[in-house]
Amino acid sequence: MFRNLGNQGPLWYPPALMEHALDLCIVGPGRLGTALATQLQRSYDCVDTIVARHSSIAKAIALAEKIDATAKEFDFAEFDQTVTWLCVPDAALAPCAKNMAQRREWRGKIVLHSSGALSSDELQSLRQKGAAVGSVHPMMTFAPDTTPQLAGVVFALEGDHKAVEAARRLVSALHGSEFEIAKENKVLYHAFGSFLAPLLLTTLATAEKIGEQAGVPPKMIRAAMQRIVGQTVENYFKLGAEASFTGPFVRGDVDVVKKHLKALDPTQREAYVGLLRAAMQYLPVAKADEIRAAIEAS
């Protein structure tokens with residue numbers, strides 16, 4: 001059960017994935033759609049069509065040529081594949097589903113979307129036309145000009161049983177891990193992800209600005225940050241948060257905290273206080289009552 005990809009060598013397909021192979025249409029040739037299309041085609045050879053709006057059709061054509069698939073504009077797509085995976089912005093999901101529902105019979109088909117915050121109910125118009133629908137969200141960041149590998153990534157699955165089972169097969173083909181999430185927990189799950197990427201970057205950007213104001217040479221700021229951030233993250237995944245917690249907070253150095261509060265500008269102080277309040281809730285902050293009093297006094 002191998003498929004030869006020339007210089008890439010043969011790839012092994014798990015037997016379960018070879019039976020009743022899924023054929024797939026990906027709607028949206030953006031960062032996520034591109035990562036899914038290229039990696040699923042390499043490991044599972046299941047991507048048949050890339051669908052895009054007229055404004056993005058050139059990107060869809062380029063992606064389709066790369067993976068030996070077909071590109072079609074949304075208005076002319078037949079959606080006759082077993083699975084259609086929508087990789088479009090959250091606000092476009094319900095309108096896109098409604099448009100698709102009006103164009104064909106969907107009984108026996110599966111439609112997935114990749115929103116982290118929205119449930120499969122966004123595809124209700126397709127469900128009403130007979131499709132099994134679900135949401136499949138990878139806990140991964142997709143920055144411009146990057147295509148992260150999805151092997152080892154955790155995916156949250158939710159929706160109709162048939163859709164979830166198809167999603168499991170696709171995640172397995174990507175060599176990812178998956179779990180089922182209740183649809184009412186999707187928003188909190190998405191907030192979890194927001195702390196892991198955009199808000200983590202916000203913390204780093206704030207620290208970078210403070211470093212500039214402190215007079216750290218601009219060419220050295222990220223070098224200074226890289227070692228301490230890298231060590232902190234390594235410590236967290238090896239030891240956990242409590243054992244990795246260091247600095248003036250774990251020592252209960254109230255005078256230093258007061259000086260920080262005085263030196264920071266209003267935006268920086270607000271971020272500092274918010275994170276410090278969270279630290280006092282979840283981590284071993286010494287002299288927490290005195291630190292709270294210092295915050296209130298500031």
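Side notes on the structure shown:
- Once the stretch 57-104 is narrowed to residues that are of a type in the set (Ser, Thr, Tyr) and surrounded by fewer than 18 Cβ atoms within 10 Å (Cβ to Cβ), the residue that is farthest from the chain's Cα centre (by Cα) is Thr70.
- Residue check: Thr203 meets all listed conditions (1) open to solvent by 50 Å² or more (accessible area, probe 1.4 Å); (2) of a type outside the set (Gly, Ala, Ser); (3) more than 30 Å from Pro138 (Cβ to Cβ) but one, namely (3).
- The residue list Val257, Val216, Val229 contains one member that is surrounded by 14 or more Cβ atoms within 10 Å (Cβ to Cβ) and in a loop (DSSP other than H, G, I, E, B), which is Val216.
- Within the stretch 229-258, residues that are closer than 22 Å to Glu208 by Cβ sit with their Cβ atoms under 7 Å from residues that are of a type in the set (Gly, Ala, Ser), at 6+ positions apart or across chains, in these pairs: Thr232/Ser244; Asn235/Ser244; Tyr236/Ser244; Phe249/Ala279; Val257/Ala294.
- Given (1) within 17 Å of Thr34 (Cα to Cα); (2) in contact with a Leu (Cβ under 9 Å, 6 or more places away or on another chain); (3) in contact (Cβ under 8 Å) with a residue 40 or more places away in the chain, index of the condition His113 fails: (3)
- Flag for Val83 being in contact with a Leu (Cβ under 7 Å, 6 or more places away or on another chain) and in contact (Cβ under 8 Å) with a residue 40 or more places away in the chain: yes
- Among residues of the stretch 282-297 that are on the phi > 0 side of the Ramachandran plot, those with a Cβ under 7 angstrom from a residue that is surrounded by 14 or more Cβ atoms within 10 Å (Cβ to Cβ), sequence gap 6+ or separate chain, pair up as Lys287/Gly252; Lys287/Val254.
- Given (1) over 18 Å from Ser56 (Cα atoms); (2) surrounded by fewer than 16 Cβ atoms within 10 Å (Cβ to Cβ), index of the condition His113 fails: (2)
- Filtering the stretch 25-61 to residues that are aliphatic (A, V, I, L, M), assigned to a helix (DSSP H, G or I) and touching a residue at least 24 places away in the same chain (Cβ under 8 Å) leaves Leu32, Ala35, Leu36, Ala37, Leu40, Ala60.
The values are calculated or read from the model by the stated rules, or taken from the named source; none is laboratory data. From a predicted model like this one, the values you see are computed outputs, not experimental measurements. All Cβ positions, even for glycine, are placed from backbone atoms using ideal geometry, and neighbour counts span all protein chains on display. Surface areas here come from the heavy atoms of the whole protein model, side chains and all, with no ligands, DNA or RNA. Shrake-Rupley method; radii C 1.70, N 1.55, O 1.52, S 1.80 Å.
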